[in-house]
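Structure, as structure tokens:
The values are calculated or read from the model by the stated rules, or taken from the named source; none is laboratory data. The structure presented is a predicted model; accordingly, all values stated were derived computationally and were not measured. Ideal geometry is used to build each Cβ from the backbone, glycine not excepted, and the neighbour counts take in all protein chains shown.
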């Protein structure tokens, strides 16, 4: 659990640094904003899945401004903290639903879902950095 907590602390820290940089006008290109909002929408989808809720109607992409990104980052942070604070090691192996709109439904453990979310974050972050 310590590794998972550290990973999410780093994701939250990274989101705040990206947000602050974009809000201060550094490289406010549409593509960078679009990729950052994609990270935030993806995080929202994953935390929804990890909580055992349906994420099929949540957007993956969207043209949103930095004010909406700030709200999404704050909301995701609160939900991740609540989820991790209530999670016990035995809950990591609980199965969660995973599937995109056109895919067959799949199931995975929360443990795998947690790492998938982290992998997705760092993959998009690498695209942003170039």
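Can you name the condition, by its number, that residue 19 falls short on among (1) under 18 Å from residue 110 (Cβ atoms); (2) surrounded by 16 or more Cβ atoms within 10 Å (Cβ to Cβ)?
(1)
Give segment 1-24 a look and list any residue that's touching a residue at least 24 places away in the same chain (Cβ under 8 Å) and farther than 19 Å from residue 63 by Cβ, or say none.
1, 4, 5, 7, 8, 11, 12, 14, 16
Please determine, by comparing only the residues of segment 17-36 that are touching a helix residue (DSSP H, G or I) at 6+ places or on another chain (Cβ under 7 Å) and assigned to a helix (DSSP H, G or I), which one is modelled with the lowest pLDDT.
32
How many residues are more than 18 Å from residue 7 (Cβ to Cβ), surrounded by fewer than 19 Cβ atoms within 10 Å (Cβ to Cβ) and touching a helix residue (DSSP H, G or I) at 6+ places or on another chain (Cβ under 8 Å) when one looks only at segment 49-63?
7
Just need a number here: residues in segment 43-68 that are outside any loop (DSSP other than H, G, I, E, B) and more than 12 Å from the chain's Cα centre (by Cα).
Qualifying residue count, segment 43-68: 3.
Any chance segment 25-41 includes a residue that's in contact (Cβ under 8 Å) with a residue 12 or more places away in the chain, under 29 Å from residue 92 (Cα atoms), crowded, with 18+ Cβ neighbours inside 10 Å and in contact with a strand residue (DSSP E or B) (Cβ under 9 Å, 6 or more places away or on another chain)?
no
Which one is modelled with the highest pLDDT, of the residues in segment 74-110 that are under 17 Å from residue 2 (Cβ atoms) and exposed (fewer than 15 other Cβ atoms within 10 Å of the Cβ)?
81
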